[in-house]
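Beneath this line is the structure, given in C-alpha cells, with notes to follow.
The values are calculated or read from the model by the stated rules, or taken from the named source; none is laboratory data. Note that the structure is a prediction, hence the values are computed from the model and not measured. FYI the Cβ positions are ideal-geometry reconstructions off the backbone, even for glycines, and counts take in every protein chain you see.
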C-alpha cells in the first residue's frame, strides 16, 4: 500500500472492490477519455472480472486509488516490450465526484515514484485526448512534460482525435 495522504492510498485490488469500481467507473464522461477496452456501461460483472483478473495475475502495477480504503478509481501501466521494455504507458481514471480535488495529481506523483523505485522502468508515457485538458494539467502538475502532439492518433466515437504525449523520465537518469 502507498499512502498518498491521510485519506488517499494506492493499493492492490482485492475482493469486494468490484462494487465501488463499477459504481465509480460507470460514467460516460470517463469512458469518453479511455481506451475502448474500458467498458461502458461499467457493470458489476465488469468490476468482478477486472478485480479477479488483477488478483489472479498477481500484477503489482495496477492499483486502486482509494479514499478511506474505498476504491474510487484506478491507476496502472501497460509495460513496453522489446526495445521499449524500459518504458511504460500510464493510464488512470477517477470517479467523477472526486474530480477537482487534486487527488489524481497526488496519485500520479506517488505512483510514478513507486514505479521508478520498484520496476525496471525509466520512462513513463501518457497519451491524452486533446480535449481532456484536466488530464493534461494533472500530468503537468505531476512533473510530466509534453513531448509531442500526435495528429489523428486515436479514434473514439467515430471521431479522429489528436493525442498529447506526456513523458516523465526517471529522476537522476543521464544519457
Scanning the range 138-158 residue by residue, the ones that are assigned to a loop (DSSP other than H, G, I, E, B) and within 28 Å of residue 39 (Cβ to Cβ) total 4
Please go through (1) touching a residue at least 24 places away in the same chain (Cβ under 8 Å); (2) closer than 16 Å to residue 77 by Cα for residue 117 and return the number of the only condition it doesn't satisfy.
(1)
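Quick one: which residue in 116, 111 is modelled with pLDDT of 95 or more, out of contact with any strand residue (DSSP E or B) (no Cβ under 6 Å at 6 or more places or on another chain), surrounded by 13 or more Cβ atoms within 10 Å (Cβ to Cβ) and in a helix (DSSP H, G or I)? Show your work before the answer.
On the way: 111 fails: out of contact with any strand residue (DSSP E or B) (no Cβ under 6 Å at 6 or more places or on another chain).
Answer to the selection: 116.
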Hey, could you check the range 159-175 for residues that are touching a residue at least 40 places away in the same chain (Cβ under 8 Å) and assigned to a strand (DSSP E or B) and say which is surrounded by the most Cβ atoms within 10 Å (Cβ to Cβ)?
166
Taking residue 24 as meeting all but one of (1) more than 20 Å from residue 107 (Cα to Cα); (2) touching a residue at least 60 places away in the same chain (Cβ under 8 Å); (3) surrounded by 16 or more Cβ atoms within 10 Å (Cβ to Cβ), write down the number of the exception.
(1)
Please find, within the range 33-59, the residue that is modelled with the lowest pLDDT out of those that are surrounded by fewer than 14 Cβ atoms within 10 Å (Cβ to Cβ) and under 29 Å from residue 113 (Cβ atoms).
58
Exactly one of 151, 97, 156 is at pLDDT 95 or above, exposed (fewer than 14 other Cβ atoms within 10 Å of the Cβ), in contact with a strand residue (DSSP E or B) (Cβ under 9 Å, 6 or more places away or on another chain) and closer than 21 Å to residue 42 by Cβ, and that one is 97
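Tell me which residues, restricted to the range 66-92, are out of contact with any strand residue (DSSP E or B) (no Cβ under 8 Å at 6 or more places or on another chain) and either farther than 15 Å from residue 122 by Cα or part of a strand (DSSP E or B) (or both). If you could, list the steps in order and put the result at the bottom.
Step one: filter the range 66-92 for residues out of contact with any strand residue (DSSP E or B) (no Cβ under 8 Å at 6 or more places or on another chain), giving 68, 70, 81-84.
If the condition is that a residue be out of contact with any strand residue (DSSP E or B) (no Cβ under 8 Å at 6 or more places or on another chain) and either farther than 15 Å from residue 122 by Cα or part of a strand (DSSP E or B) (or both), then 68, 70 are the ones that fit.
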Test each condition in (1) assigned to a helix (DSSP H, G or I); (2) over 22 Å from residue 42 (Cα atoms); (3) in contact with a strand residue (DSSP E or B) (Cβ under 6 Å, 6 or more places away or on another chain) for residue 135 and report the one that comes out false.
(2)
Quick test of your reading of the structure: residue 72 fulfils all but one of (1) under 26 Å from residue 142 (Cα atoms); (2) surrounded by 13 or more Cβ atoms within 10 Å (Cβ to Cβ); (3) over 14 Å from the mean Cα position of the chain (by Cα). Name the failing condition by number.
(3)
Here is a list of conditions, (1) buried (at least 18 other Cβ atoms within 10 Å of the Cβ); (2) within 26 Å of residue 158 (Cα to Cα), and residue 29 meets all of them except one; can you say which number that is?
(1)
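Pick out the one residue from 19, 67 that is touching a helix residue (DSSP H, G or I) at 6+ places or on another chain (Cβ under 8 Å), surrounded by fewer than 16 Cβ atoms within 10 Å (Cβ to Cβ) and over 24 Å from residue 167 (Cα atoms). Before the answer, list the steps.
Details: 67 fails: surrounded by fewer than 16 Cβ atoms within 10 Å (Cβ to Cβ).
After applying the criteria, what remains is 19.
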Matching residues in the range 2-32 - criterion: being in a loop (DSSP other than H, G, I, E, B) and either at pLDDT 95 or above or farther than 19 Å from residue 90 by Cβ (or both):
5, 6, 7, 13, 14, 15, 16, 26, 27, 32
